[in-house]
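Peer 1: What follows is a single structure, and I will ask about it in a moment.
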Amino acid sequence: MVEVVYEVETVVDGLSVRIGEFYENDGITGMERKDWKISGVGKFSKRVRIPKSHYADISAVHPNSEGWKLRIRDRAGKLLMGHDAVTLYHGPPSYYAVRIECEVK
C-alpha cells in the first residue's frame with residue numbers, strides 16, 4: 001500500500017469532489033469512487049492508502065466557475081499529477097469539470 005494525497009485548491013464555494021478509495025470487505029477488494037465533502041474556499045487535502053499498480057483519481061464539478069485546481073501528490077509532497085485547465089461542458093445545464101488519475105507505483 002502506498003499513501004497518496006488528494007489536494008483541492010479553490011477560490012469558489014460549492015465544488016463537488018469525488019475521489020478513488022481502496023476498500024476491502026469480506027475478502028473482496030477494489031477501488032471505489034466516493035464523495036469528498038469540502039465547503040468554503042481554501043486548500044484542502046486528504047490522505048488515502050492505495051495498493052501499488054492501482055490508480056489514484058480525483059474529479060470535481062462546479063456549475064459556473066473554473067476557479068479551482070486538483071492535484072495528486074505522494075506522501076512526501078511530490079506532485080504526481082495535476083491539470084492545466086478546467087473544461088467547460090455546454091449543457092443544458094453547462095458546468096466546469098476535471099478528472100485526473102495516475103498509477104500508484
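The values are calculated or read from the model by the stated rules, or taken from the named source; none is laboratory data. As the structure is a computational prediction, the values presented were derived from the model and not from experiment. Using ideal geometry, Cβ is built from the backbone for each residue, glycine included, and neighbour counts are taken over all protein chains shown.
Peer 1: Test Val8 against the stated conditions and say whether it is touching a residue at least 40 places away in the same chain (Cβ under 8 Å) and either of a type in the set (A, V, I, L, M) or in contact with a strand residue (DSSP E or B) (Cβ under 7 Å, 6 or more places away or on another chain) (or both).
Peer 2: yes
Peer 1: For residues that are part of a strand (DSSP E or B) and charged (D, E, K, R), scanning just segment 87-105, find the one that is farthest from Ala60 (Cα to Cα).
Peer 2: Within segment 87-105, the subset part of a strand (DSSP E or B) is 87-89, 95-103.
Still in the running and charged (D, E, K, R): 99, 101, 103.
On the way: Arg99: 7, Glu101: 12, Glu103: 19 Å.
Only one residue fits best here, namely Glu103.
Peer 1: Here is a follow-up. If Ile58 meets every condition in (1) more than 13 Å from the chain's Cα centre (by Cα); (2) within 17 Å of Glu9 (Cα to Cα) apart from one, which number is that one?
Peer 2: Of the numbered conditions (1) more than 13 Å from the chain's Cα centre (by Cα); (2) within 17 Å of Glu9 (Cα to Cα), the odd one out for Ile58 is (1).
Peer 1: Let me ask something additional. Can you tell me which residue within segment 51-62, out of those that are of a type outside the set (Lys, Arg) and modelled with pLDDT under 95, is surrounded by the most Cβ atoms within 10 Å (Cβ to Cβ)? Walk me through how you get there before you give the answer.
Peer 2: Taking segment 51-62 and keeping what is of a type outside the set (Lys, Arg), we get 51, 53-62.
Imposing the further condition that a residue be modelled with pLDDT under 95 reduces the set to 51, 53-55.
Numbers: Pro51: 13, Ser53: 9, His54: 17, Tyr55: 12.
Top of the filtered list is His54.
Peer 1: Here is a follow-up. Looking at (1) farther than 21 Å from Tyr96 by Cβ; (2) surrounded by 12 or more Cβ atoms within 10 Å (Cβ to Cβ); (3) not acidic (Asp, Glu), find the lone condition where Asn25 falls short.
Peer 2: (2)
Peer 1: How many residues are closer than 12 Å to Val4 by Cα and either surrounded by 14 or more Cβ atoms within 10 Å (Cβ to Cβ) or of a type in the set (Ser, Thr, Tyr) (or both) when one looks only at segment 63-97?
Peer 2: 6
Peer 1: Which one of these does Asp35 not meet: (1) surrounded by 15 or more Cβ atoms within 10 Å (Cβ to Cβ); (2) under 12 Å from the mean Cα position of the chain (by Cα)?
Peer 2: (1)
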